[in-house]
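Chemist: Below you will find the structure I want to go over with you.
The values are calculated or read from the model by the stated rules, or taken from the named source; none is laboratory data. Predicted model, so just to flag it, every value in this text is computed and none were measured. Using ideal geometry, Cβ is built from the backbone for each residue, glycine included, and neighbour counts are taken over all protein chains shown.
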Amino acid sequence: MSNQLQLSAKRQRDLMDEKETLERSLKNVNEAIEDLSKELLTGMDAAGVESIRYPFGILTKSEILSVKQEDPEAAITWLKRRRLGMIVKQTVNARTLTSTMKEMLQQGKPFPSVEESGMVLFTKQLARVKRRPT
């Protein structure tokens, strides 16, 4: 076997080790961001504010909405009954489904039960600093 193969194999192993280290580090950073987001939400709620301008950016409250299909067949049937079949393809486009469900909720329409629609609603509030353009 050539020395080049050994060197390439070693380089790949080193890169895989580095990737694992970076993934662990990223996981820790994401957990710290999540903890700070909760702390910021609590502080913003206590202060009764939705956004705060700082020299480094604007802190805002936002909400992430996602919809998971527990029963895709029931979800497609429910959407078609409500004339929302146009967002149904071979599979339901998750982003389109989420935005459609968000619009329904904003219009005061109730989210259907999982038994009726085959879908479960998840919401998550976040507080994030939006970076100023440099």
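Chemist: So which of Glu70, Glu103, Glu115 ends up being more than 30 Å from Thr42 (Cβ to Cβ) and either touching a Cys at 6+ places or on another chain (Cβ under 9 Å) or loosely packed, with under 11 Cβ neighbours inside 10 Å (or both)?
Modeler: Answer to the check: Glu115.
Chemist: For a quick check of your reading of the model, give me the residue pairs whose first member lies in the stretch 65-86 and is closer than 18 Å to Leu105 by Cα and basic (Lys, Arg), whose second is at pLDDT below 85 and assigned to a strand (DSSP E or B), with beta-carbon atoms closer than 6 Å and at least 6 apart or on different chains.
Modeler: Correct list of pairs: Lys68/Val120.
Chemist: Of the numbered conditions (1) without any contact (Cβ under 8 Å) to a residue 60 or more places away in the chain; (2) among the hydrophobic types (A, V, I, L, M, F, W, C); (3) surrounded by 14 or more Cβ atoms within 10 Å (Cβ to Cβ), Leu41 fails exactly one; give the number of that condition.
Modeler: (1)
Chemist: Residues that are in contact with a strand residue (DSSP E or B) (Cβ under 9 Å, 6 or more places away or on another chain) and modelled with pLDDT under 80: which strands (runs of 3 or more DSSP E) entirely in the stretch 45-134 hold 3 or more of them?
Modeler: 57-69, 119-131
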